[in-house]
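What follows is a set of notes on a single structure, which appears directly below.
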Amino acid sequence: MTDCVLAATGSGPFPLALLALAVVAIGAGVTWLVVRRRRRSAAALAAIPLLVLALLATGGLAPQPAVAAEPCPSTATAAPTVAPTPSPTPTVTPVDYVEGADGIGDPYYPLDGNGGYDVQHYALDLAYDPADGVLSGSATITATATENLKTFNLDFDTRNVDGTDAITVASVTVNDTPAEWNLSTTQISMVTAQPQVPGSTDADATPPRTELTVIPATGILSGSTITTTVSYSGVPITIDDAFGPAGVFRSTDGAVIVGQPRVAATWFPANDHPADKATFTTTMAVPEGLTVVGNGRLAERSTEAGTSSFTWEMDQPMATYLATATVGVYDITTSTVDGITYYDAIDPSLYSVEADGGGTTVGDVASAVFATEPEVIDFLEQSFGPYPFSEAGGIAIADLSPGEPLPYALENQTRPIYPSWSFPADADASVVVHELAHQWYGDDVSMERWADIWLNEGFATYAEWLWAEHTGGPTPQQTFDRIYAVAPADFWSTVVADPGPAGIFDGPVYTRGALTLQALRTEVGDDDFFAILQGWAAGHAGTSVSTEQFIDYAESVSGDDLGALFDAWIFTPSKPAL
């Protein structure tokens with residue numbers, strides 16, 4: 001602590017000397033008065049303090065050096081010290097972490113998809129060996145948490161009906177930290193396509209639904225990024241369920257990956273539902289001489305030490321069931337037309353298979369049909385608006401086994417898959433119209449729930465009607481009139497917007513869905529109708545939508561109350577009156 005020092009004023013000792021002399025004079029006067037009254041001893045005592053005061057005032061009459069000022073305490077009376085009020089200790093609200101749901105909330109398939117997060121990207125780094133059918137590698141799933149999670153699930157159908165593991169999970173990490181995990185399996189009815197209920201005598205579908213539950217080392221806060229990497233190896237299980245065969249179909253030189261609604265979870269862990277779409281990077285290593293055909297654009301291809309690696313990038317969101325990485329020997333044709341890159345693959349064995357109707361081969365017909373894809377897309381753009389992707393094409397596959405072709409074609413995003421029966425001798429571009437129309441309705445704009453599948457299939461079927469008129473066939477209204485007149489009673493019993501979990505691919509979903517669109521066109525007129533189709537595709541690109549949203553949108557564009565029309569055509573199990 002520094003003592004208080006007053007600042008020098010610049011004056012010398014003279015004023016102090018005058019003060020001292022005045023004090024001495026006063027003291028002397030007092031002493032003389034006391035002496036006269038003969039009180040000498042008291043006078044002496046009285047003089048002492050006066051003399052001392054004089055000496056103190058003069059400082060011995062010695063000059064003092066000037067000094068700088070030091071701060072001095074205030075001469076004001078100090079206020080009493082008040083102890084500070086302690087700040088309250090902040091209350092820390094504990095984070096309530098929850099277990100992510102084991103389903104996304106679709107009542108048709110309650111274990112499909114999962115809750116608690118939204119996938120942004122899948123990065124698949126895999127290798128496939130046709131000799132033994134083993135698929136190995138890792139899947140990295142980047143997602144955003146939508147809840148505070150202590151656990152979350154991925155759909156990964158690794159187990160057979162008997163509980164044995166077809167695919168073995170080696171490790172799981174979350175944000176580069178090892179995580180605990182476990183598997184749980186639920187049998188699925190071959191009849192209802194839903195989880196088996198106690199007492200059911202339905203056969204079990206293959207495979208059952210298996211949930212991979214991930215337990216990260218620490219809780220995950222809502223809004224944070226979750227990067228999960230699952231390493232695994234095994235032979236994917238081919239699906240046999242209420243909808244027929246799907247999944248990874250082995251061939252002598254590769255594999256075809258195709259199916260709906262379940263397929264993705266048989267070959268990579270996923271949030272396996274179209275309500276959660278994501279971008280994809282798919283890298284597959286195969287023996288040299290084989291080709292991997294995937295979705296989007298071929299970003300990289302390399303060959304080293306007898307192994308070829310292909311990397312496909314799907315830069316726009318895609319539903320998991322639309323992903324493919326089909327492996328084999330294929331004849332590849334590429335071209336770019338009006339900014340769209342076409343990549344077509346044909347199994348060369350199809351050039352040795354006679355097409356139905358004779359006189360040509362399946363391979364030759366497929367090649368001719370694929371060549372018309374730019375024409376078809378140009379035509380569909382006139383009704384639906386700009387094609388939603390930068391890539392297009394198709395894969396013509398051989399039969400799964402001799403005489404057993406795949407029983408359906410599928411709209412895999414940017415690269416539909418077509419079985420041999422798609423290419424009879426008299427086939428024309430109409431073969432690819434349906435699957436290419438799905439690139440707008442089904443792929444770019446996907447369904448929120450599987451009950452909404454008429455938004456996919458009804459629209460693609462209506463595209464076929466438009467094409468038929470374009471190529472000299474009946475108009476959509478003529479097609480509507482014919483079907484309305486001849487359709488049997490059970491055709492009208494299907495509720496198009498709610499066909500049931502086992503009925504999503506029933507014929508009326510396609511055809512009555514298209515009839516609904518023609519009824520809408522008649523009600524609102526061509527201008528509003530095509531404005532609805534184009535605006536619906538453009539305004540909901542990359543998203544998943546519901547029937548209710550479509551109705552609301554159609555009403556907003558037309559300005560009409562369309563509730564009665566849609567009630568009659570898609571919500572009522574009876575024939576609508578005209």
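For this structure, a couple of remarks:
- Taken over the stretch 86-104, residues that are open to solvent by 20 Å² or more (accessible area, probe 1.4 Å) and free of Cβ contacts under 8 Å to residues at least 40 places away in the same chain amount to 9.
- Selection count where residues are without any contact (Cβ under 8 Å) to a residue 40 or more places away in the chain and either hydrophobic (A, V, I, L, M, F, W, C) or assigned to a loop (DSSP other than H, G, I, E, B) (or both), scope the stretch 502-513: 2
- If the condition is being open to solvent by 20 Å² or more (accessible area, probe 1.4 Å) and touching a residue at least 24 places away in the same chain (Cβ under 8 Å), then the stretch 469-479 contributes 470, 471, 477.
- The stretch 286-305: number of residues that are within 15 Å of residue 253 (Cβ to Cβ) and either in contact (Cβ under 8 Å) with a residue 60 or more places away in the chain or of a type outside the set (Asp, Glu) (or both): 7
- Exclusive hit being in a helix (DSSP H, G or I), open to solvent by 10 Å² or more (accessible area, probe 1.4 Å), at pLDDT 95 or above and small (Gly, Ala, Ser), set 299, 368: 368
- Of all residues in the stretch 431-456, those that are within 14 Å of residue 275 (Cα to Cα) and without any contact (Cβ under 8 Å) to a residue 60 or more places away in the chain total 3.
- The listed residue being in contact with a Ser or Thr (Cβ under 6 Å, 6 or more places away or on another chain) and surrounded by 13 or more Cβ atoms within 10 Å (Cβ to Cβ), out of 160, 182, 153: 153
- Residue check, residue 125 modelled with pLDDT of 95 or more, open to solvent by less than 20 Å² (accessible area, probe 1.4 Å), out of contact with any Leu (no Cβ under 8 Å at 6 or more places or on another chain) and charged (D, E, K, R): no
- The lone criterion from (1) open to solvent by less than 30 Å² (accessible area, probe 1.4 Å); (2) touching a residue at least 40 places away in the same chain (Cβ under 8 Å); (3) farther than 30 Å from residue 104 by Cβ left unmet by residue 499 is number (3).
- Taking the stretch 225-254 as the range and being outside any strand (DSSP E or B), within 23 Å of residue 124 (Cβ to Cβ), open to solvent by 40 Å² or more (accessible area, probe 1.4 Å) and at pLDDT 95 or above as the test, the residues that pass are 235, 238.
- Selection count, the stretch 163-179, where residues are open to solvent by less than 50 Å² (accessible area, probe 1.4 Å) and either over 27 Å from residue 95 (Cα atoms) or in contact with a helix residue (DSSP H, G or I) (Cβ under 8 Å, 6 or more places away or on another chain) (or both): 5
- Consider the stretch 390-439 and keep the residues that are of a type in the set (Gly, Ala, Ser) and within 20 Å of residue 336 (Cβ to Cβ). The one that is most open to solvent (accessible area, probe 1.4 Å) is 390.
- Residue within the stretch 457-468 that is assigned to a loop (DSSP other than H, G, I, E, B) and open to solvent by less than 10 Å² (accessible area, probe 1.4 Å) present: no
- Checking 494, 516, 522, 547 one by one, the residue that is of a type in the set (S, T, N, Q), over 29 Å from residue 105 (Cβ atoms) and either touching a residue at least 60 places away in the same chain (Cβ under 8 Å) or open to solvent by 20 Å² or more (accessible area, probe 1.4 Å) (or both) is 522 and no other.
- Of everything listed in (1) closer than 16 Å to residue 274 by Cβ; (2) of a type in the set (A, V, I, L, M, F, W, C); (3) not in a helix (DSSP H, G or I), the single unmet condition for residue 550 is (3).
- Matching option when the condition is acidic (Asp, Glu), touching a residue at least 40 places away in the same chain (Cβ under 8 Å) and farther than 23 Å from residue 260 by Cα, among 155, 176: 176
- Restricting attention to the stretch 205-224, the residues that are open to solvent by 50 Å² or more (accessible area, probe 1.4 Å) and in a loop (DSSP other than H, G, I, E, B) add up to 5.
- Residue tally, condition under 30 Å from the mean Cα position of the chain (by Cα) and open to solvent by 20 Å² or more (accessible area, probe 1.4 Å), over the stretch 312-335: 4
The values are calculated or read from the model by the stated rules, or taken from the named source; none is laboratory data. For clarity, every value in this text was computed on a predicted model and none was experimentally measured. Because the Cβ atoms are built from the backbone with ideal geometry, glycine has one as well, and the counts that use them run over all protein chains shown. Note: accessible area is taken over every heavy atom of the protein model, side chains too, but ligands, DNA and RNA are not part of it. Shrake-Rupley method; radii C 1.70, N 1.55, O 1.52, S 1.80 Å.
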